[in-house]
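Worksheet: one structure, shown below.
The values are calculated or read from the model by the stated rules, or taken from the named source; none is laboratory data. All values reported here derive from a predicted model rather than from experimental measurement. Counting neighbours? That spans all protein chains shown, and the Cβs are built from the backbone with ideal geometry, glycine included.
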């Protein structure tokens with residue numbers, strides 16, 4: 001739903017593999033994944049507790065003693081999300097519908113980026129006590145399981161993207177962006193495809209850099225877990241440590257060159273979106289507005305439901 005806007009765009013600018021960054025995808029499933037239809041969205045959100053548990057278990061392999069509490073924590077978080085966050089998503093999506101009509105520029109698109117990031121951060125911070133409780137119960141075998149999962153993901157990323165020749169990487173990226181634009185607009189025109197091609201000429205995919213950034217964040221997570229297991233801090237201190245890592249996932253890189261690259265990519269993506277929207281036909285804009293309306297209807301359907 002709402003967060004899909006940012007999720008689609010961030011695929012071209014940054015890859016973040018921290019489980020704190022990615023946990024928001026599972027814990028509010030329908031808000032964070034691309035759902036093609038009203039019925040699919042409702043089916044996904046109706047089963048979000050099960051899907052979230054399944055996904056998280058694939059990263060840490062819950063012990064029998066942890067399973068019941070994790071399921072209860074997910075259920076409570078989803079209940080809170082339905083009653084407090086979905087109404088805000090309705091407002092945000094409605095505003096995006098209005099903005100779309102007026103051909104948004106970089107300022108309006110950046111505002112959407114920031115709003116979606118804020119929604120994501122709110123969810124993770126809401127889950128902070130539960131995340132802390134779980135981290136404090138993790139053992140060495142679970143940390144090793146998580147490390148192996150990270151490495152498996154990294155290998156899949158290398159196989160899918162980095163083993164391609166540069167020209168094939170660019171072609172695959174072009175097809176992916178066009179496909180995502182098609183999902184929003186119904187079908188992109190030759191002129192819109194040309195805009196995307198020019199964007200990729202100036203901003204070719206940097207898979208190696210994205211992977212390096214992801215591995216650095218994974219290393220940070222594993223180091224945090226090791227520190228907590230070694231020092232055995234109080235719950236309050238551990239929560240502060242976890243909170244610091246969550247907030248860091250939303251901060252720009254401390255390295256000036258990386259931060260400059262990220263900022264430039266973000267601006268370029270906003271310009272690309274604005275350029276595509278400006279030459280969109282009324283039919284294409286109607287398609288996008290209908291898609292947004294489907295998500296609005298889905299949000300309204302689930303508000304307050306148990």
Residues that are at pLDDT below 90, farther than 13 Å from residue 204 by Cβ and under 22 Å from the mean Cα position of the chain (by Cα), drawn from the stretch 147-175: 160, 162
Residue ID - nearest to residue 297 (Cα to Cα), chosen from residues in the stretch 91-104 that are assigned to a helix (DSSP H, G or I) and more than 23 Å from the chain's Cα centre (by Cα): 98
The stretch 105-114 - residue that is touching a residue at least 60 places away in the same chain (Cβ under 8 Å) and part of a helix (DSSP H, G or I) and, of those, nearest to residue 224 (Cα to Cα): 113
Elements of type helices (runs of 4 or more DSSP H) in the stretch 125-241, at least 1 residues being out of contact with any helix residue (DSSP H, G or I) (no Cβ under 8 Å at 6 or more places or on another chain) and surrounded by fewer than 15 Cβ atoms within 10 Å (Cβ to Cβ): 140-157, 166-185, 190-202, 207-231
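Which residues, taken from the stretch 242-260, are farther than 22 Å from residue 139 by Cα and part of a helix (DSSP H, G or I)?
Step one: list which residues in the stretch 242-260 are farther than 22 Å from residue 139 by Cα, which gives 247-260.
Listed by number, the residues that qualify are 247, 248, 256, 257, 258, 259, 260.
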